[in-house]
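Inspection log for the structure reproduced underneath, given as C-alpha coordinates.
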Amino acid sequence: MSLPKRFTERDDIAAVRAEAEMLEPGAEADAKRRLAGRVMARREMGKLVFLDLVDRSGRIQLLCDTSRTGPIDVDLGDIVGVSGSPARAKRGEPSLAVDELELLAKIERPLPDTFHGVTDVETRYRQRYLDLLVNEETRADFDLRSRIVTGVRRHLDEAGFLEVETPVLQPRYGGGFAEPFVTHYNALDADYYLRIATELYLKRLIVGGLEKVYELGKDFRNEGLSYKHVPEFTMVEWYEAYTDYRDQMERVERLVEAVARETTGATTATHRGHEIDLKVPWRRIKLVDALEEHGLWTRDPDELRSRLNDHGVDTSQDKSWAQLVDHALSHFVEPALIEPTILHDYPIELSPFARATDDDPATVERFEYFVGGTELGNAFTELNDPLEQAARFEQQAAEVGGEPGDPDYVEALAYGMPPTGGVGLGIDRLTMVLAGRDNIRDVVLFPALRER
(Lines give C-alpha, C1' and ligand atoms only; values in the text may rest on other atoms or scores of the structure.)
Protein backbone atom coordinates (compact mmCIF):
# COMPACT_ATOMS: atom_id res chain seq x y z
CA MET A 1 0.00 0.00 0.00
CA SER A 2 1.39 3.39 -1.01
CA LEU A 3 0.65 5.96 1.69
CA PRO A 4 0.80 9.75 1.32
CA LYS A 5 4.14 11.45 2.00
CA ARG A 6 2.63 14.67 3.29
CA PHE A 7 -0.51 16.21 4.74
CA THR A 8 -0.12 19.97 4.68
CA GLU A 9 -2.12 23.01 5.80
CA ARG A 10 -3.52 21.21 8.81
CA ASP A 11 -5.07 22.83 11.86
CA ASP A 12 -4.38 22.12 15.53
CA ILE A 13 -6.99 19.97 17.20
CA ALA A 14 -7.18 22.37 20.13
CA ALA A 15 -8.14 25.26 17.83
CA VAL A 16 -10.83 23.25 16.03
CA ARG A 17 -12.17 21.94 19.33
CA ALA A 18 -12.49 25.53 20.57
CA GLU A 19 -14.49 26.39 17.44
CA ALA A 20 -16.77 23.40 17.97
CA GLU A 21 -17.39 24.31 21.61
CA MET A 22 -19.05 27.56 20.44
CA LEU A 23 -21.77 25.66 18.56
CA GLU A 24 -25.12 24.44 19.81
CA PRO A 25 -25.52 20.66 20.30
CA GLY A 26 -26.32 19.04 16.94
CA ALA A 27 -24.99 22.02 14.94
CA GLU A 28 -22.29 21.99 12.24
CA ALA A 29 -20.27 24.97 11.03
CA ASP A 30 -19.83 25.92 7.38
CA ALA A 31 -16.03 26.27 7.70
CA LYS A 32 -13.75 23.47 6.55
CA ARG A 33 -10.79 22.28 8.62
CA ARG A 34 -8.00 19.71 8.16
CA LEU A 35 -6.68 17.66 11.07
CA ALA A 36 -4.11 14.91 11.42
CA GLY A 37 -3.21 12.70 14.34
CA ARG A 38 -3.46 9.26 15.89
CA VAL A 39 -6.72 7.33 16.34
CA MET A 40 -7.01 6.50 20.05
CA ALA A 41 -10.60 5.23 20.32
CA ARG A 42 -13.32 3.82 18.04
CA ARG A 43 -17.06 3.37 18.61
CA GLU A 44 -19.80 2.47 16.13
CA MET A 45 -23.52 3.16 16.07
CA GLY A 46 -25.21 2.06 12.87
CA LYS A 47 -23.83 4.10 10.00
CA LEU A 48 -21.98 6.40 12.41
CA VAL A 49 -18.38 5.70 13.38
CA PHE A 50 -16.93 7.77 16.25
CA LEU A 51 -13.15 8.11 16.42
CA ASP A 52 -11.03 9.95 18.96
CA LEU A 53 -8.18 11.78 17.22
CA VAL A 54 -5.17 13.03 19.18
CA ASP A 55 -2.36 15.39 18.19
CA ARG A 56 0.13 17.33 20.30
CA SER A 57 -2.42 20.04 21.10
CA GLY A 58 -5.25 17.80 22.32
CA ARG A 59 -8.07 15.40 21.50
CA ILE A 60 -11.26 15.67 19.46
CA GLN A 61 -14.07 13.36 18.42
CA LEU A 62 -14.47 12.58 14.72
CA LEU A 63 -18.05 12.08 13.51
CA CYS A 64 -17.82 9.75 10.51
CA ASP A 65 -21.14 9.20 8.74
CA THR A 66 -20.22 6.35 6.40
CA SER A 67 -22.86 7.51 3.92
CA ARG A 68 -20.75 10.66 3.63
CA THR A 69 -17.23 9.28 4.07
CA GLY A 70 -17.48 5.75 2.77
CA PRO A 71 -16.24 2.78 4.88
CA ILE A 72 -13.90 3.67 7.77
CA ASP A 73 -11.13 1.07 7.69
CA VAL A 74 -8.81 2.21 10.50
CA ASP A 75 -7.47 0.56 13.62
CA LEU A 76 -6.55 1.99 17.02
CA GLY A 77 -3.15 3.61 16.68
CA ASP A 78 -3.39 4.39 12.97
CA ILE A 79 -2.33 7.88 11.94
CA VAL A 80 -4.89 9.58 9.71
CA GLY A 81 -5.60 12.88 8.01
CA VAL A 82 -9.17 14.17 7.88
CA SER A 83 -11.07 17.11 6.45
CA GLY A 84 -14.47 18.30 7.54
CA SER A 85 -16.39 20.89 9.53
CA PRO A 86 -16.35 21.78 13.24
CA ALA A 87 -19.48 20.32 14.79
CA ARG A 88 -21.06 19.53 18.12
CA ALA A 89 -22.60 16.14 18.70
CA LYS A 90 -26.16 15.94 19.98
CA ARG A 91 -24.80 15.07 23.42
CA GLY A 92 -22.59 18.15 23.34
CA GLU A 93 -19.16 16.65 22.52
CA PRO A 94 -16.98 19.04 20.42
CA SER A 95 -16.29 17.21 17.16
CA LEU A 96 -15.29 17.34 13.53
CA ALA A 97 -17.92 16.16 11.04
CA VAL A 98 -15.69 14.30 8.59
CA ASP A 99 -15.96 14.62 4.81
CA GLU A 100 -12.81 12.70 3.91
CA LEU A 101 -10.41 10.46 5.82
CA GLU A 102 -7.10 9.09 4.56
CA LEU A 103 -4.62 6.74 6.17
CA LEU A 104 -1.16 8.31 6.65
CA ALA A 105 0.65 5.58 8.64
CA LYS A 106 -0.43 2.07 9.66
CA ILE A 107 0.19 0.70 13.14
CA GLU A 108 1.75 -2.79 13.06
CA ARG A 109 1.73 -3.57 16.78
CA PRO A 110 -1.23 -3.17 19.14
CA LEU A 111 -1.22 -0.19 21.47
CA PRO A 112 -1.11 -0.72 25.24
CA ASP A 113 -4.36 -0.29 27.16
CA THR A 114 -5.44 3.18 26.07
CA PHE A 115 -7.81 3.58 29.03
CA HIS A 116 -5.37 2.86 31.86
CA GLY A 117 -2.25 3.93 29.96
CA VAL A 118 1.24 2.49 30.42
CA THR A 119 1.50 1.82 34.14
CA ASP A 120 4.62 -0.37 34.26
CA VAL A 121 7.50 1.91 35.24
CA GLU A 122 10.10 -0.13 33.36
CA THR A 123 8.10 0.12 30.13
CA ARG A 124 7.52 3.84 30.61
CA TYR A 125 11.26 4.53 30.80
CA ARG A 126 12.40 2.04 28.14
CA GLN A 127 9.66 2.79 25.62
CA ARG A 128 8.99 6.45 26.28
CA TYR A 129 7.22 6.76 22.94
CA LEU A 130 4.47 4.42 24.23
CA ASP A 131 4.29 6.35 27.50
CA LEU A 132 3.83 9.59 25.55
CA LEU A 133 1.27 8.02 23.21
CA VAL A 134 -1.17 6.83 25.84
CA ASN A 135 -0.43 8.87 28.99
CA GLU A 136 -1.61 12.46 28.75
CA GLU A 137 0.09 13.30 32.07
CA THR A 138 3.45 12.32 30.60
CA ARG A 139 2.91 14.55 27.58
CA ALA A 140 1.96 17.39 29.93
CA ASP A 141 5.12 16.90 32.01
CA PHE A 142 7.41 17.17 29.01
CA ASP A 143 5.49 20.11 27.61
CA LEU A 144 6.05 21.75 31.02
CA ARG A 145 9.75 20.91 30.91
CA SER A 146 10.09 22.58 27.52
CA ARG A 147 8.34 25.70 28.80
CA ILE A 148 10.61 25.75 31.88
CA VAL A 149 13.68 25.80 29.62
CA THR A 150 12.12 28.58 27.55
CA GLY A 151 11.29 30.52 30.71
CA VAL A 152 14.82 30.23 32.11
CA ARG A 153 16.28 31.40 28.81
CA ARG A 154 13.84 34.31 28.57
CA HIS A 155 14.57 35.43 32.13
CA LEU A 156 18.33 35.48 31.54
CA ASP A 157 18.07 36.99 28.07
CA GLU A 158 15.91 39.82 29.37
CA ALA A 159 18.47 40.43 32.15
CA GLY A 160 21.13 41.06 29.50
CA PHE A 161 22.91 37.69 29.56
CA LEU A 162 24.51 36.24 26.42
CA GLU A 163 23.87 32.55 25.72
CA VAL A 164 27.05 30.76 24.64
CA GLU A 165 28.29 27.26 23.84
CA THR A 166 31.46 25.75 25.30
CA PRO A 167 33.14 22.39 24.65
CA VAL A 168 31.42 19.19 25.72
CA LEU A 169 34.66 17.24 25.12
CA GLN A 170 37.40 18.74 27.26
CA PRO A 171 41.13 17.96 27.67
CA ARG A 172 40.73 18.54 31.42
CA TYR A 173 37.53 18.28 33.40
CA GLY A 174 36.74 20.74 36.16
CA GLY A 175 34.06 22.59 38.05
CA GLY A 176 33.22 20.14 40.81
CA PHE A 177 33.88 16.86 42.60
CA ALA A 178 32.88 14.15 40.13
CA GLU A 179 34.11 11.11 38.24
CA PRO A 180 34.17 11.91 34.50
CA PHE A 181 33.43 9.84 31.43
CA VAL A 182 36.61 9.45 29.38
CA THR A 183 36.95 8.93 25.64
CA HIS A 184 39.75 9.06 23.08
CA TYR A 185 40.07 11.80 20.50
CA ASN A 186 41.55 9.98 17.49
CA ALA A 187 42.44 13.07 15.50
CA LEU A 188 44.40 14.52 18.42
CA ASP A 189 45.58 11.15 19.78
CA ALA A 190 44.60 12.22 23.30
CA ASP A 191 42.17 11.21 26.00
CA TYR A 192 39.33 13.71 26.47
CA TYR A 193 36.53 13.95 29.03
CA LEU A 194 32.84 14.61 28.78
CA ARG A 195 32.41 17.79 30.79
CA ILE A 196 31.21 17.58 34.38
CA ALA A 197 30.40 21.32 34.36
CA THR A 198 30.63 24.36 32.10
CA GLU A 199 32.16 26.55 34.81
CA LEU A 200 35.79 26.98 33.82
CA TYR A 201 35.09 27.80 30.19
CA LEU A 202 32.34 30.27 31.06
CA LYS A 203 34.67 32.11 33.44
CA ARG A 204 37.28 32.31 30.68
CA LEU A 205 34.62 34.29 28.80
CA ILE A 206 34.24 36.64 31.77
CA VAL A 207 37.99 37.23 31.53
CA GLY A 208 37.42 37.94 27.83
CA GLY A 209 35.01 40.75 28.66
CA LEU A 210 31.63 39.18 27.90
CA GLU A 211 30.59 40.05 31.50
CA LYS A 212 27.19 38.25 31.62
CA VAL A 213 27.08 34.77 30.07
CA TYR A 214 25.12 31.55 30.44
CA GLU A 215 25.03 28.08 28.95
CA LEU A 216 22.14 25.64 29.07
CA GLY A 217 23.09 22.09 28.14
CA LYS A 218 24.16 18.61 29.15
CA ASP A 219 26.75 17.69 31.76
CA PHE A 220 27.97 14.16 32.48
CA ARG A 221 29.14 12.49 35.69
CA ASN A 222 30.13 8.83 35.72
CA GLU A 223 28.50 8.11 39.05
CA GLY A 224 25.49 6.44 40.63
CA LEU A 225 21.77 6.53 39.97
CA SER A 226 19.14 7.66 42.47
CA TYR A 227 15.77 9.37 42.53
CA LYS A 228 17.63 12.67 41.97
CA HIS A 229 20.79 11.57 40.10
CA VAL A 230 21.34 10.48 36.51
CA PRO A 231 24.75 10.37 34.77
CA GLU A 232 23.59 12.67 31.95
CA PHE A 233 21.73 15.73 33.17
CA THR A 234 20.78 19.25 32.09
CA MET A 235 22.16 22.33 33.78
CA VAL A 236 22.10 26.05 33.24
CA GLU A 237 25.12 27.96 34.57
CA TRP A 238 25.41 31.73 34.49
CA TYR A 239 28.22 34.12 35.46
CA GLU A 240 27.82 37.82 36.08
CA ALA A 241 30.76 40.19 36.45
CA TYR A 242 30.84 42.80 39.22
CA THR A 243 28.48 40.83 41.49
CA ASP A 244 28.92 38.46 44.43
CA TYR A 245 27.03 35.51 45.89
CA ARG A 246 24.50 37.72 47.68
CA ASP A 247 23.52 39.33 44.39
CA GLN A 248 23.11 35.84 42.95
CA MET A 249 20.95 34.71 45.88
CA GLU A 250 18.47 37.37 44.84
CA ARG A 251 18.76 36.52 41.14
CA VAL A 252 18.12 32.81 41.59
CA GLU A 253 15.13 33.45 43.88
CA ARG A 254 13.58 35.80 41.35
CA LEU A 255 14.30 33.46 38.42
CA VAL A 256 12.75 30.38 40.02
CA GLU A 257 9.68 32.31 41.18
CA ALA A 258 9.23 33.90 37.74
CA VAL A 259 9.59 30.60 35.88
CA ALA A 260 7.09 28.93 38.24
CA ARG A 261 4.53 31.68 37.66
CA GLU A 262 5.07 31.64 33.90
CA THR A 263 4.80 27.86 33.47
CA THR A 264 2.27 26.82 36.13
CA GLY A 265 0.45 30.05 36.90
CA ALA A 266 1.38 29.89 40.60
CA THR A 267 4.33 29.91 42.99
CA THR A 268 3.16 26.83 44.89
CA ALA A 269 4.13 23.24 44.09
CA THR A 270 3.87 19.79 45.61
CA HIS A 271 7.18 17.94 45.79
CA ARG A 272 7.85 14.64 47.56
CA GLY A 273 4.68 15.01 49.61
CA HIS A 274 5.34 18.60 50.67
CA GLU A 275 3.37 21.71 49.77
CA ILE A 276 5.98 24.34 48.92
CA ASP A 277 5.78 28.06 48.11
CA LEU A 278 8.56 29.34 45.83
CA LYS A 279 7.72 32.98 46.40
CA VAL A 280 10.63 35.22 47.44
CA PRO A 281 12.26 35.78 49.85
CA TRP A 282 13.62 32.34 50.73
CA ARG A 283 14.99 31.27 54.09
CA ARG A 284 18.78 31.69 54.48
CA ILE A 285 20.96 29.78 56.95
CA LYS A 286 24.71 29.33 57.35
CA LEU A 287 26.05 25.83 56.83
CA VAL A 288 27.69 25.79 60.26
CA ASP A 289 24.40 26.71 61.94
CA ALA A 290 22.54 24.02 59.98
CA LEU A 291 25.05 21.35 61.05
CA GLU A 292 24.91 22.55 64.65
CA GLU A 293 21.13 22.08 64.63
CA HIS A 294 21.86 18.37 64.09
CA GLY A 295 24.81 18.25 66.52
CA LEU A 296 27.24 17.62 63.66
CA TRP A 297 29.47 20.69 63.48
CA THR A 298 33.12 20.09 64.39
CA ARG A 299 36.45 20.69 62.66
CA ASP A 300 37.85 17.49 64.18
CA PRO A 301 37.55 14.69 61.57
CA ASP A 302 37.70 11.90 64.16
CA GLU A 303 34.98 13.51 66.24
CA LEU A 304 32.78 14.07 63.18
CA ARG A 305 33.25 10.47 62.06
CA SER A 306 32.30 9.28 65.53
CA ARG A 307 29.14 11.41 65.60
CA LEU A 308 28.10 10.17 62.16
CA ASN A 309 28.73 6.56 63.15
CA ASP A 310 26.62 7.11 66.26
CA HIS A 311 23.80 8.20 63.91
CA GLY A 312 24.14 4.96 61.95
CA VAL A 313 25.96 6.46 58.95
CA ASP A 314 28.53 4.28 57.18
CA THR A 315 31.65 6.48 56.87
CA SER A 316 34.04 3.75 55.72
CA GLN A 317 34.42 5.35 52.28
CA ASP A 318 35.00 8.87 53.62
CA LYS A 319 38.75 9.56 53.53
CA SER A 320 38.79 13.25 54.53
CA TRP A 321 37.06 15.76 56.76
CA ALA A 322 35.50 17.40 53.68
CA GLN A 323 33.91 14.12 52.63
CA LEU A 324 32.56 13.58 56.14
CA VAL A 325 30.99 17.05 56.10
CA ASP A 326 29.43 16.34 52.72
CA HIS A 327 28.05 13.08 54.14
CA ALA A 328 26.57 14.95 57.11
CA LEU A 329 24.94 17.46 54.79
CA SER A 330 23.39 14.88 52.48
CA HIS A 331 22.12 12.63 55.28
CA PHE A 332 20.78 15.14 57.80
CA VAL A 333 20.73 18.76 56.65
CA GLU A 334 19.44 18.53 53.08
CA PRO A 335 16.38 16.32 53.79
CA ALA A 336 15.24 18.82 56.42
CA LEU A 337 15.30 21.82 54.02
CA ILE A 338 11.71 21.59 52.81
CA GLU A 339 10.69 25.20 52.18
CA PRO A 340 12.99 26.99 49.68
CA THR A 341 16.22 27.53 51.59
CA ILE A 342 19.63 29.00 50.78
CA LEU A 343 22.45 27.27 52.68
CA HIS A 344 25.54 29.51 52.62
CA ASP A 345 29.11 30.09 53.83
CA TYR A 346 30.94 26.78 53.29
CA PRO A 347 34.27 25.50 54.61
CA ILE A 348 37.06 26.24 52.15
CA GLU A 349 37.83 22.51 51.83
CA LEU A 350 34.50 21.95 50.06
CA SER A 351 34.80 24.79 47.56
CA PRO A 352 37.88 25.20 45.36
CA PHE A 353 36.56 28.11 43.29
CA ALA A 354 34.91 30.43 45.84
CA ARG A 355 36.40 33.53 47.46
CA ALA A 356 36.88 33.63 51.20
CA THR A 357 34.50 35.61 53.38
CA ASP A 358 35.73 38.88 54.82
CA ASP A 359 35.46 37.58 58.38
CA ASP A 360 37.00 34.11 58.11
CA PRO A 361 39.60 32.91 55.58
CA ALA A 362 38.58 29.30 56.31
CA THR A 363 35.02 29.99 55.05
CA VAL A 364 34.08 30.83 51.48
CA GLU A 365 31.21 32.68 49.84
CA ARG A 366 29.28 29.74 48.45
CA PHE A 367 25.63 28.79 48.65
CA GLU A 368 23.45 25.88 47.63
CA TYR A 369 19.68 26.15 47.44
CA PHE A 370 17.12 23.49 48.29
CA VAL A 371 13.42 22.79 47.76
CA GLY A 372 11.58 19.84 49.28
CA GLY A 373 14.81 18.38 50.65
CA THR A 374 16.42 18.38 47.19
CA GLU A 375 19.32 20.55 46.05
CA LEU A 376 18.46 22.62 42.97
CA GLY A 377 21.84 24.26 42.46
CA ASN A 378 25.08 25.75 43.63
CA ALA A 379 26.66 29.21 43.53
CA PHE A 380 29.87 31.10 44.40
CA THR A 381 31.49 34.44 44.66
CA GLU A 382 34.11 33.27 42.17
CA LEU A 383 37.78 33.08 43.05
CA ASN A 384 39.71 35.44 40.76
CA ASP A 385 43.23 35.38 42.22
CA PRO A 386 45.39 33.14 39.96
CA LEU A 387 47.95 32.31 42.67
CA GLU A 388 45.29 31.35 45.16
CA GLN A 389 43.48 29.36 42.49
CA ALA A 390 46.65 27.41 41.69
CA ALA A 391 47.08 26.66 45.39
CA ARG A 392 43.46 25.52 45.65
CA PHE A 393 43.95 23.19 42.67
CA GLU A 394 46.92 21.61 44.45
CA GLN A 395 44.88 21.22 47.62
CA GLN A 396 41.98 19.62 45.74
CA ALA A 397 44.22 17.25 43.78
CA ALA A 398 45.46 15.91 47.10
CA GLU A 399 41.91 15.07 48.16
CA VAL A 400 40.59 11.61 47.38
CA GLY A 401 38.31 12.19 44.41
CA GLY A 402 39.63 15.72 43.99
CA GLU A 403 39.84 17.16 40.52
CA PRO A 404 43.13 17.79 38.70
CA GLY A 405 44.45 21.29 38.15
CA ASP A 406 43.92 23.35 35.00
CA PRO A 407 47.03 25.47 34.21
CA ASP A 408 45.34 27.13 31.22
CA TYR A 409 42.49 28.34 33.43
CA VAL A 410 44.98 29.70 35.97
CA GLU A 411 46.76 31.52 33.15
CA ALA A 412 43.43 33.01 32.03
CA LEU A 413 42.89 34.36 35.55
CA ALA A 414 46.34 35.95 35.39
CA TYR A 415 44.97 38.34 32.76
CA GLY A 416 42.44 39.59 35.29
CA MET A 417 38.87 38.47 35.98
CA PRO A 418 36.53 41.04 37.53
CA PRO A 419 34.70 40.14 40.73
CA THR A 420 32.07 37.67 39.59
CA GLY A 421 29.07 35.75 40.91
CA GLY A 422 28.22 32.41 39.35
CA VAL A 423 25.25 30.02 39.66
CA GLY A 424 24.35 26.52 38.50
CA LEU A 425 20.70 25.39 38.34
CA GLY A 426 19.56 21.83 37.62
CA ILE A 427 16.83 21.87 34.97
CA ASP A 428 15.83 18.25 35.69
CA ARG A 429 15.35 18.93 39.39
CA LEU A 430 13.50 22.19 38.84
CA THR A 431 11.16 20.28 36.53
CA MET A 432 10.65 17.62 39.22
CA VAL A 433 9.51 20.33 41.62
CA LEU A 434 7.17 22.15 39.23
CA ALA A 435 5.74 18.93 37.75
CA GLY A 436 5.30 17.31 41.18
CA ARG A 437 7.42 14.27 40.23
CA ASP A 438 9.45 12.37 42.83
CA ASN A 439 11.90 10.64 40.48
CA ILE A 440 14.26 12.40 38.08
CA ARG A 441 13.69 9.70 35.45
CA ASP A 442 10.07 10.83 35.22
CA VAL A 443 11.23 14.15 33.75
CA VAL A 444 14.05 12.86 31.50
CA LEU A 445 12.78 11.64 28.15
CA PHE A 446 15.22 8.77 27.71
CA PRO A 447 16.94 7.95 31.02
CA ALA A 448 19.92 5.60 31.05
CA LEU A 449 18.94 2.06 32.09
CA ARG A 450 20.67 -1.27 32.50
CA GLU A 451 20.48 -3.70 29.59
CA ARG A 452 17.44 -5.97 29.81
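Residue count for the range 46-58 satisfying the condition of being open to solvent by less than 30 Å² (accessible area, probe 1.4 Å) and touching a helix residue (DSSP H, G or I) at 6+ places or on another chain (Cβ under 6 Å): 2. For the range 59-104, enumerate the residues that are over 21 Å from residue 6 (Cβ atoms), assigned to a strand (DSSP E or B) and open to solvent by 30 Å² or more (accessible area, probe 1.4 Å). Matches in the range 59-104: 59, 63, 65, 88.
Restricting the first member to the range 39-50 and to residues that are touching a residue at least 60 places away in the same chain (Cβ under 8 Å) and within 15 Å of residue 81 (Cα to Cα), and the second to residues that are part of a strand (DSSP E or B) and of a type in the set (Asp, Glu), the beta-carbon pairs closer than 8 Å and six or more apart or on different chains are 40/52. Confirm whether residue 308 is touching an Asp or Glu at 6+ places or on another chain (Cβ under 7 Å) and crowded, with 19+ Cβ neighbours inside 10 Å. No: the conditions fail for residue 308.
Taking into account only those residues within the range 261-276 that are touching a residue at least 40 places away in the same chain (Cβ under 8 Å) and over 18 Å from residue 438 (Cβ atoms), which is surrounded by the fewest Cβ atoms within 10 Å (Cβ to Cβ)? Selected residue: 262.
The set of residues from the range 115-131 being in contact with an Asp or Glu (Cβ under 9 Å, 6 or more places away or on another chain) and either surrounded by 14 or more Cβ atoms within 10 Å (Cβ to Cβ) or touching a residue at least 40 places away in the same chain (Cβ under 8 Å) (or both) comprises 117, 118, 124, 125.
As for the range 229-244, it holds at least one residue that is closer than 18 Å to residue 162 by Cα, open to solvent by 70 Å² or more (accessible area, probe 1.4 Å) and not β-branched (Val, Ile, Thr). Of the residues 230, 207, the single one that is in contact (Cβ under 8 Å) with a residue 60 or more places away in the chain and over 25 Å from the mean Cα position of the chain (by Cα) is 207. Taken as a whole, the structure places residue 209 among residues that are outside any helix (DSSP H, G or I) and either under 22 Å from residue 242 (Cα atoms) or basic (Lys, Arg) (or both).
Set side by side, the residues 284, 355 differ, and just one is open to solvent by 70 Å² or more (accessible area, probe 1.4 Å) and touching a Leu at 6+ places or on another chain (Cβ under 7 Å), which is 355. Of the residues making up the range 316-335, one or more are open to solvent by 50 Å² or more (accessible area, probe 1.4 Å), free of Cβ contacts under 8 Å to residues at least 12 places away in the same chain, in a loop (DSSP other than H, G, I, E, B) and over 21 Å from residue 245 (Cβ atoms). Considered as a group, the residues in the range 1-26 that are outside any loop (DSSP other than H, G, I, E, B) and among the charged types (D, E, K, R) include one that is most open to solvent (accessible area, probe 1.4 Å), and that residue is 21.
Among the aliphatic types (A, V, I, L, M) and either touching a helix residue (DSSP H, G or I) at 6+ places or on another chain (Cβ under 7 Å) or buried (at least 20 other Cβ atoms within 10 Å of the Cβ) (or both) - does that describe any residue in the range 391-399? No, that holds for no residue. Against the condition small (Gly, Ala, Ser), assigned to a strand (DSSP E or B) and closer than 16 Å to residue 430 by Cβ, how does residue 258 come out, does it pass? Answer is no for this residue. Residues satisfying the criterion are present in the range 293-303 (criterion: touching a helix residue (DSSP H, G or I) at 6+ places or on another chain (Cβ under 8 Å), polar (S, T, N, Q) and open to solvent by 10 Å² or more (accessible area, probe 1.4 Å)). A single member of 220, 177 is among the aromatic types (Phe, Trp, Tyr), open to solvent by less than 60 Å² (accessible area, probe 1.4 Å) and in contact (Cβ under 8 Å) with a residue 40 or more places away in the chain, and it is 220. The set of residues from the range 338-350 being within 20 Å of the chain's Cα centre (by Cα) and outside any strand (DSSP E or B) comprises 338, 339, 340. Of the residues making up the range 351-376, just one is part of a strand (DSSP E or B), among the polar types (S, T, N, Q) and either more than 24 Å from residue 405 (Cβ to Cβ) or in contact with a Lys or Arg (Cβ under 8 Å, 6 or more places away or on another chain) (or both), namely 374.
Among all residue pairs at least 6 apart or on different chains, which show Cβ distances below 6 Å where the first residue, located in the range 410-428, is without any contact (Cβ under 8 Å) to a residue 60 or more places away in the chain and over 27 Å from residue 369 (Cα atoms) and the second is loosely packed, with under 14 Cβ neighbours inside 10 Å and not acidic (Asp, Glu)? Close Cβ pairs satisfying both conditions: none exist. Summed over the range 144-167, the residues that are open to solvent by 60 Å² or more (accessible area, probe 1.4 Å) and either within 24 Å of residue 398 (Cβ to Cβ) or in a loop (DSSP other than H, G, I, E, B) (or both) give a count of 1.
The values are calculated or read from the model by the stated rules, or taken from the named source; none is laboratory data. In this text the structure is predicted, and so the values were computed from the model without any measurement. With ideal geometry, Cβ positions are generated from the backbone for all residues, glycine too; neighbour counts draw on all protein chains shown. With ligands, DNA and RNA removed, areas are computed over all heavy atoms of the protein, side chains included. Shrake-Rupley method; radii C 1.70, N 1.55, O 1.52, S 1.80 Å.
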